[in-house]
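The values are calculated or read from the model by the stated rules, or taken from the named source; none is laboratory data. Small disclaimer: the values here were computed from a predicted structure and weren't measured. Backbone-built Cβ (ideal geometry, glycine too); neighbour counts: all protein chains shown. SASA here: full protein model, heavy atoms, side chains in, ligands and nucleic acids out. Shrake-Rupley method; radii C 1.70, N 1.55, O 1.52, S 1.80 Å.
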Amino acid sequence: MTPDQLRAALREVPDPEWLEAALRQVAVDPTAIERLFPGVGRRCGRGPLPELPGWTADDAARVLLLTALPSGQAAHAEALYRQGDAAEKRAVLRALPLLPIGAAGVPLLHDAIRTNDTRLVAAALGPYAGHLDPASWRQAVLKCVFMDVPLAVVADLDQRADGELAAMLAGLAAERQAAGRSMPVDATGLLDQLTAREA
């Protein structure tokens, strides 16, 4: 996802002038984002964006605001995440791969993965999850299976999935079978794929 794609998808927002003005303000005065960020849903709407499956207008507009910051991106992202509601937190998580902050946002991923909010867990496993260490990443994938979050949301799943993840999935599958419960189809498919790879 790029800022240009987000801008293109937001062409039809209810108040495009407000969004353009907000982006200009943030570029000149980064502290303005604290005031503007919470009001994005009211000004830009919260509906899905047909051009960007899985994205809403407020998601995209908030991500654009974060990318408009000229400096202090990591500090602003953390403050907005800590103070925000679930929609604001999700937007911060989605913005992380587009910000020049290195691994500074990893604590936000850990926080999101600890929640029981499927939207936050899914957002935390996007492209920025490449900064998670292997053990944390495997635990996060397992949490997706526990919460029935589709594994399609996990960035680079095919490249990062390994024998240790296969063993964890096999253990979970055995537990569920003993309890008379099934595994999600995508998790079973991943386990089969990993088992065949290891054979």
Which pairs have Cβ atoms under 6 Å, sit 6 or more apart or on different chains, and link a residue in segment 103-114 that is within 17 Å of residue 127 (Cβ to Cβ) and without any contact (Cβ under 8 Å) to a residue 60 or more places away in the chain to one that is of a type in the set (S, T, N, Q) and open to solvent by less than 20 Å² (accessible area, probe 1.4 Å)? none
So which residues in segment 41-57 are touching a residue at least 24 places away in the same chain (Cβ under 8 Å) and in contact with a Phe, Trp or Tyr (Cβ under 9 Å, 6 or more places away or on another chain)? 43, 44, 49
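For (1) touching a Pro at 6+ places or on another chain (Cβ under 7 Å); (2) under 13 Å from residue 194 (Cβ atoms), each residue gets a yes or a no:
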{"residue": "126", "(1), (2)": "yes, no"}
{"residue": "129", "(1), (2)": "no, no"}
{"residue": "132", "(1), (2)": "no, no"}
{"residue": "143", "(1), (2)": "no, no"}
{"residue": "146", "(1), (2)": "no, no"}
{"residue": "168", "(1), (2)": "no, yes"}
Filtering segment 47-66 down to residues that are assigned to a loop (DSSP other than H, G, I, E, B) and either loosely packed, with under 13 Cβ neighbours inside 10 Å or not charged (D, E, K, R) (or both) yields 47, 49, 50, 52, 53, 54, 55
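Taking residue 135, is it touching a Leu at 6+ places or on another chain (Cβ under 6 Å), more than 18 Å from residue 118 (Cβ to Cβ) and at pLDDT 95 or above?
Numbers: touching a Leu at 6+ places or on another chain (Cβ under 6 Å): no; more than 18 Å from residue 118 (Cβ to Cβ): yes; at pLDDT 95 or above: yes.
Spelling it out, it is not the case that residue 135 is touching a Leu at 6+ places or on another chain (Cβ under 6 Å), more than 18 Å from residue 118 (Cβ to Cβ) and at pLDDT 95 or above.
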Just need a number here: residues in segment 125-182 that are crowded, with 17+ Cβ neighbours inside 10 Å, more than 18 Å from residue 105 (Cβ to Cβ) and among the small types (Gly, Ala, Ser). 3
Unmet criterion (only one of (1) closer than 19 Å to residue 132 by Cβ; (2) open to solvent by 70 Å² or more (accessible area, probe 1.4 Å); (3) in contact with a Ser or Thr (Cβ under 6 Å, 6 or more places away or on another chain)) for residue 78: (3)
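If I ask for residues that are surrounded by 11 or more Cβ atoms within 10 Å (Cβ to Cβ) and free of Cβ contacts under 8 Å to residues at least 24 places away in the same chain, which ones from segment 183-192 would you list? Please lay out each step first, then the result.
Narrowing segment 183-192 to residues surrounded by 11 or more Cβ atoms within 10 Å (Cβ to Cβ): 183-184, 186-192.
188, 189, 192, listed by residue number.
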Only residues in segment 63-89 that are modelled with pLDDT under 95 count as the first member; pair them with residues that are open to solvent by less than 40 Å² (accessible area, probe 1.4 Å) and of a type in the set (D, E, K, R), Cβ under 7 angstrom, at least 6 apart or cross-chain, and list the lot. none
What is the one condition in (1) more than 27 Å from residue 107 (Cβ to Cβ); (2) in a helix (DSSP H, G or I); (3) open to solvent by 30 Å² or more (accessible area, probe 1.4 Å); (4) not polar (S, T, N, Q) that residue 34 does not satisfy? (1)
Are any residues in segment 185-199 in contact with a Leu (Cβ under 8 Å, 6 or more places away or on another chain) and either farther than 11 Å from residue 167 by Cα or not in a helix (DSSP H, G or I) (or both), and if so, which ones? 186, 187, 190
